[in-house]
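Visitor: Got a structure for you, questions after.
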Amino acid sequence: MLLYRLILLRQRTFKLIITQTELPELRQELAGKTIAYTCGTFDLLHIGHIEFLEWCSEQADVLVVGLHSDARVQAAKGPSRPVITEGHRLGMLDALRMVDYEFIVEGNDLKAVGWIKAAQDLHPDVCILGPDWADLEIQLWKEMVPEAEIRVSPARKGHSTSAIVDKIAVKA
């Protein structure tokens, strides 16, 4: 049995949040089910995120989401990001019916090393990448996680956290 993290947020107990070190055990517990894995920042949750996660959940029996750590987001997007801390972003993901498990992808590397390591620990059936991934990065995933089918989600234009942040800054 996994040692699930319990987070009490507004009198609701969340039980689907695990640590990255628990991924191999999760794989064993989910034997016989197909697992999809994706990762992202999910800062200022918006309809684009919801549509993406809904599509991801349709690709397998179980959806596991790796959430970029605050340190990783700051390294990639600057010191003002993320707007929402990793603990609160985990709580938001946990409240979504289409997400079965979530964990923080540790580290602040700007390459996909942490995400790929998590996939190697989990051994998912499907790894889902966003439509903005380059062909070289997709090939890297195929080489590093050969047992998983790599799928690229359909593009969803018009929704971005960065655009929301920019819009708020203009109005401020």
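Visitor: So the check is Cβ under 9 Å with 6+ separation or different chains; which pairs have a first residue in the stretch 117-143 that's touching a residue at least 12 places away in the same chain (Cβ under 8 Å) and a second one that's exposed (fewer than 15 other Cβ atoms within 10 Å of the Cβ) and polar (S, T, N, Q)?
Guide: Pairs that qualify, where the first residue is touching a residue at least 12 places away in the same chain (Cβ under 8 Å) and the partner is exposed (fewer than 15 other Cβ atoms within 10 Å of the Cβ) and polar (S, T, N, Q), are ASP121/THR21; PRO124/THR34; ASP125/THR34; VAL126/THR34.
Visitor: Take the stretch 36-82 and flag every residue that is touching a helix residue (DSSP H, G or I) at 6+ places or on another chain (Cβ under 7 Å) and part of a strand (DSSP E or B).
Guide: Correct list: ALA36, TYR37, THR38, CYS39, LEU63, VAL64, VAL65, GLY66, LEU67.
Visitor: Within the stretch 39-68, count every residue that is more than 20 Å from TRP141 (Cβ to Cβ) and touching a strand residue (DSSP E or B) at 6+ places or on another chain (Cβ under 8 Å).
Guide: 2
Computed from the coordinates by the stated procedures, all read-outs in this text should not be read as laboratory data. No experiment lies behind these values; they were computed from the predicted model shown. Every residue, glycine as well, gets a Cβ built from its backbone with ideal geometry; the counts of neighbours run over all protein chains shown.
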